[in-house]
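**Q** To start, I am sharing the structure in question, which I have written as structure tokens.
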Amino acid sequence: MDVRSNAAGKVRIVVIYAVLLIWVAFTIIPLYWMLVTSLTDATMSATLSPSWFPLKPSLAPYARFLGKSQAPRWLLNSAIVACAITLGNVIFSSMAGYAFAKLRFPGRDAIFWILLSTMMLPYHVTLIPTYILVINKLGMGDTYTALIVPFLCTVSNTFLMKQYMSTLPSTLIEAARIDACTEFGIYRKIIFPIAKPGLAVVAIFTFVSYWNQFFWPFLVTSSNSMRTVQVGLASFRFAEATDFGAMMAGAVLASLPVVALFFSLQKYFLQGITVGALKG
Amino acid sequence: MKREYTWCYIFIAMPVLLFLAFTLYPIVSAFIMSFQYYSVLESTWVGLDNYKYALTDPVFWRSMRVTLVYTVGTVPVNVLISLGLAYLVFQLRERARTFFKAALYLPAVTSGVTMSLVWLWILDPTPSGLLNQALGWFGIDNVIWLGSSKTALLSLMLMTYFGSHGPALILYLSAMGGIPKSLYEAADVDAASNWSKLRNITWPLLKPTTLYLLVTGVISSFQVFMNVYLMTQGGPNFATSTIAYLIYQNAFRYFDFGLASAMSFLLAVVIVAVSAIQFKYMSTDVEY
Amino acid sequence: MGQIVFENVTKEFRDEKRGVVVAVNNASFTIEDKEFVAIVGPSGCGKTTSLRMIAGLERQTRGDIKIDGRIVNDLRPKDRDIAMVFQDYALYPHMTVYENMSFGLRNLKFPKAEIDEKVHEAARIMGIEQLLDRKPRELSGGQRQRVAVGRAIVRQPRVFLFDEPLSNLDAKLRIQMRVELAELHKRLQTTIVYVTHDQVEAMTLGERIIVMNDGIIQQIAPPDELYKRPRNMFVAGFIGAPTINTTTVKYDGKAIVSPDFTVEVPEALKGRLSSYVDREIVLGIRPEDIHDANITRLKGEEAMISPRVRVVEYLGSQKLAYFDLNGKPFTAQLPSSSRIEPNADWALAVDLAAALFFDAENGWSIVGN
């Protein structure tokens, strides 16, 4: 599929660039629009005549958003929840992935397949009893525990880590065993350090998806101060349905951490997770 | 010999315990619940009543139809868009490739909530809504995007077309990178046209990726909830009431947990069946 | 000390596709203290499994393994006082060479000063002192190999286990490391069990060689005995390059009869073949026992043949001639002074005195009585 440097090839390349740039414009416009609106003065926004550039940049929408919400608290809640879940997944999915990939024990494959088989199940099947369990039976509504614990080690991360671990040479584990290393020592001193590239990917994707998580926090939080930023933003949308300026300011604030993460760790996002396996 | 397994079970303890508490127990519990009239205060055994009610409820069928239209209208289109973008990006040099990958990926890291809010603003029914403005340049009249039962579902579908194709794009690109170059060279020797190469080499070898994207796409599309909740609340006139939104309403608005559970099992059956059909017709023996 | 004994050791694997696979079948042998024993055989013959059972990385299904008279069946690798060099070296990629070499001693809680001394001593022996601060990825293949061996000798174990340690090196480096390993063994005076699929490595390094095939031990012998007196056709075919020539012939009590040649059997051999009169036997002839009749002084007992030569390869010090005999491909290894030409009939002499005879039915060597 190489493109020859003849005239037809050049035209072809130009067309490709044109198509792609137009498409990029379409996907970026919503984000750009969000930013522009969030920086457009209150009165202008209220009259609903937005411009393509913030002619008179203003932070007023941010002030309005912060004034009418508990945004700092929401952001803090999201940070606590997403960080705790990320940490949990890094530790527990690497342990479990290692055991499923490299250790032999009775029931290993059966347990693994049972875990995997439920991944296709719609969320809604488990949602209601889980909700009743957490809210009514355990009385954990409106707590960090309810927001964090169910996601401390997801099946998909366990699966990814299993795939990743199975690419590591078993001889390292055997060498460590001969070197009188304990079983936990092998995990901590050998496996965990060399699995870092895979764990980085798990950490990043886990953080982003739980920073952005909406449905569960939406169900189990009831007080304003326990809301995560996504739930807070959604509640703001209904409370201040016409103030798009403030709404967009909130959207920008909610997106900033993950967008910053994306730009600083781009290569991890872009190497992606291939079908069934991490690309190491 | 027993002691040597201790650590193995400790290592897998967390996902297994979470599975027992938050997957297995809820499945069993939901299954039992689906045969009960279950509310927070009391529960009574009603046999198949919930299933019968769901299957004879026009609202349920309308939601199924909405979900189906949404799925058929989004998943294959988005897979094709990703494939097309990947095909174009793949022909570029490394640096240009990275740029487009990043630019097309970016929206994927922002949350569904933020994207819903932005699109709410873009689809604003007044003439100052971004999309209406743009259409105005072409002399097209104002459209009440989300407010009309004719265009509401279409609007939700439109959102996904211009959403991020980054993750799918990256999957396709890495699958394309995995196709041995020698295959194309052999095709060149056989004087194959570009179209023939795309049809006979690229497309068949990308089938596993396409299958994966279709299956996962359908599964998540059948469960679409957030956009509906934040943008249309299922309206107007149930035009965007997806099955997931209906289940949510039954469970958390009307607290009819039994009916909601029954519906979610019906949804599960549909998802498993559709996935199985996809595997049957799309799966291939191609390995490379 | 470091004597290893296998007593009727069997290892079975459960394989999803093939059911129960017997990797090692009822193996019994003794490896003496300080001995260098090579285990050789084609891939899948059970040689690596045997080594891993000595290490304690696999547990045998049946039988006993003893180290220095003590049954070690239930001992973990760390308690067996062994060290192993892996085919892929298995260097911990995130540790420096020093950390790699000291990892075992640190786990065993040796005092720091002692660890330091032992690591430096081992590094000195392997000539890798200048590499101690590097990470494995900064090393060449040969250097990694040295580090892997160095890591094994640091602990001064009773037994060294080598699992195809040279197979990832290029040909030149492999020969160099082979010589060094032989020297290292002399110096360390420790038992070495060395697994390889390369018969040249086994022949040059092993004081004794265990030949395995299909999980069964074929023969245990010193190299020259293995070459000259293989117990069966498998060993004869596996040891030696170019491979031994074989053809099925008939013995009528006086002469060996075959489609392409007939030759009187020398008196000395008749006793050995006495029970094979009028039966089929397999004649095995090493390529170097076929001579060019034009330049070699003959003893008069040779079988004279003049096959059509297909190809001649000139290798500098020798020539290899390929031809068919009794419908089977044959190779003759001739001195380079031979003027043998391809596409011509050439007079060759087969030295029967050096020939090997095998029972055509079971492949066992005919040793006579």
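The values are calculated or read from the model by the stated rules, or taken from the named source; none is laboratory data. Here the structure is a predicted model, which means the values were calculated and not measured. Neighbour counts run over all protein chains shown; Cβ positions are idealised from the backbone, glycine included. The accessibility values were calculated without ligands, DNA or RNA, using every heavy atom of the protein model including side chains. Shrake-Rupley method; radii C 1.70, N 1.55, O 1.52, S 1.80 Å.
**Q** Compute the label zone of C:K109 within the stretch A:156-193: residues whose backbone N is under 15 Å from the point 7 Å along Cα-to-Cβ.
**A** So the set is A:180-182.
**Q** Same structure, new question: For the stretch C:190-236 and the stretch B:30-54, what is the centre-to-centre distance using only Cα atoms, to the nearest Å?
**A** Their Cα centres are 74 Å away from one another.
**Q** Right, another one. As a test of the definition: with a 1.4 Å probe, what buried accessible area, both sides summed, do you compute for A against C, in Å² to the nearest 100?
**A** Rounded to the nearest hundred, the buried surface is 1700 Å².
**Q** Let me ask something else. Whole number in Å², please: accessible area per residue of the stretch A:48-155, 1.4 Å probe, ligands, DNA and RNA not counted.
**A** About 43 Å² of surface per residue is accessible.
**Q** Around C:A255, which amide H atoms from residues at least 5 apart in sequence, or from another chain, sit under 5 Å from its own amide H, with H modelled in the peptide plane?
**A** Long-range HN contacts for C:A255: C:V265.
**Q** Let me know the charge dipole size of the stretch B:45-139 about its Cα centre in debye, to the nearest 20, where only the beta-carbon of Lys, Arg (+1) and Asp, Glu (-1) is charged. Intermediate values should be presented prior to the final figure.
**A** Values: 7 positive and 4 negative charges, 76 e Å.
So the dipole magnitude of the stretch B:45-139 works out to roughly 360 debye.
**Q** Given Cα pairs under 8 Å that are at least 6 residues apart, what percent is the relative contact order of the stretch C:245-359?
**A** Once normalised by length, the contact order is 32 percent.
**Q** Using alpha-carbon pairs under 8 Å, 6+ residues apart, how would you state the relative contact order of chain A in percent? Present the calculation step by step, with values, prior to reporting the outcome.
**A** Working: 280 pairs, mean separation 86.4, N = 280.
Normalised by residue count, the contact order of chain A is 31 percent.
**Q** So what is the accessible area of chain B per residue, in Å², with the probe set to 1.4 Å?
**A** Per residue, chain B has 46 Å² of solvent-accessible surface.
**Q** Using a 1.4 Å probe on the protein heavy atoms, what percent of the accessible area of the stretch C:79-209 belongs to carbon and sulfur?
**A** So the carbon and sulfur contribution to the accessible surface is 48 percent.
**Q** Measure off, as a whole percent, the carbon and sulfur share of the 1.4 Å-probe accessible area of the stretch A:69-239, all protein chains present.
**A** After summing per-atom areas, the C and S share lands at 66 percent.
**Q** Once the dipole of the protein assembly as shown is set up with Lys and Arg at +1 and Asp and Glu at -1 on Cβ about the Cα centre, which of C:L325, A:I190, A:I91 lies farthest towards its positive end?
**A** After comparing all options, I get A:I91.
**Q** Follow-up question, since we're still on this one. Taking the alpha-carbon centroid of each part, what is the distance from the stretch A:193-248 to the stretch C:310-369 in angstrom?
**A** 80
**Q** Still on this structure, please answer the following. How crowded by other chains is B:156-165, given as the mean number of beta carbons from other chains within 10 Å of each beta carbon?
**A** Shielding by partners across B:156-165 averages 2.
**Q** Could you tell me whether chain A comes out rounded, prolate or oblate from its Cα gyration tensor? Rule is a ≥ b ≥ c as square roots of the eigenvalues, rounded for a/c under 1.5, then prolate if a/b exceeds b/c, otherwise oblate. Provide the component values of the computation, followed by the final result.
**A** Details: a/c = 2.48, a/b = 1.32, b/c = 1.88.
Oblate, because a/c is 1.5 or more while a/b does not exceed b/c.
**Q** Comparing the chain by itself with all protein chains present, which residues of the stretch A:214-245 are at least 50 Å² less accessible (probe 1.4 Å)?
**A** A:F214, A:F218, A:R237, A:F238, A:F244
**Q** In the stretch C:1-41, whose amide N lies under 15 Å from the spot 7 Å out along Cα-to-Cβ of C:D214? List them in ranges.
**A** C:21-26
**Q** Relative contact order for chain C: what percent, with Cα pairs under 8 Å and sequence separation of 6 or more?
**A** Result for chain C is 15 percent.
**Q** Let me ask another. With every protein chain left in place, what is the accessible area per residue of the stretch A:187-240 in square angstrom, probe 1.4 Å?
**A** In whole numbers, the stretch A:187-240 has 30 Å² accessible per residue.
**Q** Beyond a 24 Å Cα-Cα separation, which of these cross-linked pairs lie in this structure: C:K17/C:K328; C:K47/C:K118; A:K162/B:K101; C:K254/C:K319; A:K102/B:K181; B:K207/B:K280?
**A** Flagged as over cut-off: C:K17/C:K328; C:K47/C:K118; A:K162/B:K101; C:K254/C:K319; A:K102/B:K181.
**Q** Which ³J(HN,Hα) values, rounded to whole Hz and listed in residue order, are derived for the stretch C:320-337 from phi using the Karplus coefficients 6.51, -1.76 and 1.60 in 6.51 cos²θ - 1.76 cosθ + 1.60 with θ = phi - 60°, glycine and proline given as x?
**A** Computed from phi, the couplings for the stretch C:320-337 are 10, 10, 10, 7, 10, 9, 6, x, 10, x, 10, 10, 10, 9, 10, x, 6, 6 Hz.
**Q** Still on this structure, I have one more. To the nearest 10 degrees, how steeply does helix A:108-117 sit against the main Cα axis of chain A, on a 0 to 90 scale?
**A** For A:108-117 against chain A, the angle is about 20 degrees.
**Q** Here's something else I'd like to know. List, largest first, the extents of the alpha carbons of the protein assembly as shown along their principal axes, each in whole Å.
**A** Principal axes ranked by extent give 118, 69, 64 Å for the Cα atoms.
**Q** Here's something else I'd like to know. Per-residue Cβ counts within 10 Å, from other chains only, averaged over C:89-96: what number is that?
**A** That works out to 5 on average.
**Q** Follow-up. To the nearest 10 degrees, how steeply does helix C:141-154 sit against the main Cα axis of chain C, on a 0 to 90 scale?
**A** Approximately 60 degrees, to the nearest 10.
**Q** Moving on. Take B:L17, project a point 7 Å from its Cα along the Cβ direction, then tell me which residues of the stretch A:99-121 have their backbone nitrogen under 19 Å from it.
**A** A:99-100, A:111-112, A:115
**Q** Given the options B:L154, B:S182, B:H165, identify the residue whose Cα lies farthest towards the positive end of the charge dipole of the stretch B:149-224 (+1 on Cβ of Lys, Arg; -1 on Cβ of Asp, Glu).
**A** B:L154
**Q** Given H placed 1.01 Å from N in the peptide plane, which residues other than close sequence neighbours of C:Q218 have an amide H under 5 Å from its amide H?
**A** Here C:V211, C:M212, C:N213 satisfy the definition.
**Q** From the Cα gyration tensor of chain B, with a ≥ b ≥ c the square roots of its eigenvalues, which class applies: rounded if a/c is under 1.5, or else prolate if a/b is larger than b/c, or else oblate?
**A** oblate
**Q** Share of antiparallel DSSP beta bridges in the protein assembly as shown, in percent to the nearest 5?
**A** Of those bridges, close to 80 percent are antiparallel.
**Q** Follow-up question, since we're still on this one. Please list, in order along the stretch B:252-263, the HN-Hα scalar couplings obtained from phi with the Karplus expression 6.51 cos²θ - 1.76 cosθ + 1.60 (θ = phi - 60°), rounded to whole Hz, x for Gly and Pro.
**A** Whole-Hz 3J(HN,Hα) from phi for the stretch B:252-263: 9, 9, 9, 6, 9, 5, x, 5, 4, 5, 4, 5.
**Q** About the Cα centre of the protein assembly as shown, how large is the charge dipole given +1 on each Lys and Arg Cβ and -1 on each Asp and Glu Cβ? Please answer in debye to the nearest 20.
**A** 2180
**Q** Any chance you could check the stretch A:122-137 for residues losing 40 Å² or more of accessible area when the partner protein chains are in, compared with the chain on its own (1.4 Å probe)?
**A** A:P122, A:H124, A:V125, A:T126, A:I128, A:P129, A:Y131, A:I132, A:L133
**Q** Within 10 Å, at most 13 other Cβ atoms, and a DSSP state outside H, G, I, E, B define an exposed site. Report the longest part of chain B free of exposed trypsin sites (Lys or Arg not before Pro).
**A** Answer - B:151-252.
**Q** How about A:K10: which lysines have a C-alpha closer than 21 Å to its C-alpha, ignoring those fewer than 8 places off in the same chain?
**A** B:K197
**Q** May I pose another question? Sort the following peptides by mean Cβ neighbour count (other Cβ atoms within 10 Å, averaged over residues), highest first: A:140-147, B:161-168, A:17-24.
**A** In descending order of packing, they fall as B:161-168, A:140-147, A:17-24.
**Q** Any chance you could give the angle, 0 to 90 degrees and rounded to 10, that helix A:196-211 forms with the longest Cα principal axis of chain A?
**A** Once rounded, one gets 40 degrees.
**Q** State whether the stretch B:93-133 is rounded, prolate or oblate according to the following rule on the C-alpha gyration tensor (a ≥ b ≥ c being the square roots of its eigenvalues): a/c under 1.5 gives rounded; otherwise a/b larger than b/c gives prolate, and the remaining case gives oblate. Intermediate results must be reported in sequence, preceding the final value.
**A** On the way: a/c = 7.62, a/b = 2.13, b/c = 3.57.
In terms of gyration-tensor shape, oblate.
**Q** Nearest 0.05, what FRET efficiency do A:W113 and B:F279 give at R0 = 25 Å with Cβ-Cβ as r?
**A** It comes out at approximately 0.90.
**Q** Right, next: 7 Å from Cα along Cα→Cβ at both C:K254 and A:V19: what's the point-to-point distance in nm?
**A** 8.9
**Q** To continue, here is another question. How shielded is B:24-32 by partner chains, expressed as the average number of their Cβ atoms within 10 Å of its Cβ atoms? Don't jump to the answer; show the numbers that get you there.
**A** On the way: counts 4, 4, 10, 6, 1, 6, 8, 2, 1.
That works out to 5 on average.
**Q** Placing +1 at every Lys and Arg Cβ and -1 at every Asp and Glu Cβ, with all other atoms neutral, what dipole size does the stretch C:38-184 have around its Cα centre, in debye to the nearest 20?
**A** That gives the stretch C:38-184 a dipole magnitude of about 280 debye.
**Q** Let me ask you something else. Run the helix sum for chain C: -39,500 (n - 2.57) per DSSP H stretch of 4+ residues, divided by residue count, reported at 222 nm to the nearest 500 deg cm²/dmol. The partial results should precede the final answer.
**A** Values: 9 runs with 90 residues, N = 369.
Calculated mean residue ellipticity at 222 nm is -7000 deg cm²/dmol.
**Q** Between chains B and A, what is the buried accessible area in Å², counting both sides, with a 1.4 Å probe and ligands, DNA and RNA left out, to the nearest 100?
**A** For B against A, buried area totals roughly 8500 Å².
**Q** In whole Hz, what ³J(HN,Hα) sequence does the stretch A:166-181 give by Karplus (6.51, -1.76, 1.60; θ = phi - 60°), x for Gly and Pro?
**A** 5, 7, 7, x, 5, 5, 4, 5, 5, 4, 5, 5, 5, 6, 6, 7
**Q** Also, I was wondering about something else. Run the simple label-point estimate for B:Y9 and B:W137 please: 7 Å along Cα→C-beta, distance reported in nm.
**A** For B:Y9 paired with B:W137, the spin-label model returns 6.7 nm.
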